[in-house]
Amino acid sequence: MDANRFEFIVSIPRDAIGLATIRKLAEQAARYVGADANAEGFGAAVEEAARAQVNGAAGAIPCVVRRAEGPVEVLVGTRTIALDV
C-alpha cells in the first residue's frame with residue numbers, strides 16, 4: 001500500500017456515526033494522496049452519497065475506498081464518488 005495504490009473495504013452502519021466515519025475515511029484518503037485542499041469537499045460528497053443509501057433500511061452500507069494510480073474513489077452502495085488528483 002502506498003499513495004498510488006490502496007483499497008479499504010468496510011461496512012458502515014446506517015446511522016450518524018457511520019455517515020461521519022465514511023466522511024472522515026474519504027477525507028483521510030484525499031489527504032493521503034496530497035489533495036488536502038479538496039479533502040473536506042470530497043468527504044462531504046461521500047457523506048451525501050452515503051446518506052442517500054440510508055433511507056430507513058436496516059443493516060450496513062458496503063463501502064470501498066480505493067486508488068489505483070488514478071483518482072481516489074469511494075464506492076458507497078451503488079454510487080461511486082471520485083476525486084481526481
Exercise for the section: Using Cα pairs closer than 8 Å and at least 6 residues apart in sequence, work out the relative contact order for the range 5-83, in percent. Expected result: 37 percent
Fill in the blank from the handout: the chain, Kirkwood Rh and Cα Rg, ratio Rg/Rh at 0.96
Exercise for the section: Kindly provide the GluC sites (Glu not before Pro) of the range 1-82 that DSSP labels as loop, not H, G, I, E or B, and whose Cβ sees at most 14 other Cβ atoms within 10 Å. Expected result: GLU69
Handout entry: Radius 12 Å from Cβ of GLU48, net charge of other residues (Lys, Arg +1; Asp, Glu -1)
Key = +2
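We did not get these values from a lab; they are worked out from the coordinates using the rules stated. Since we're looking at a predicted model, the values are computed, not measured. Quick reminder, even Gly has a Cβ in these numbers, built from the backbone with ideal geometry, and neighbours come from all protein chains shown.
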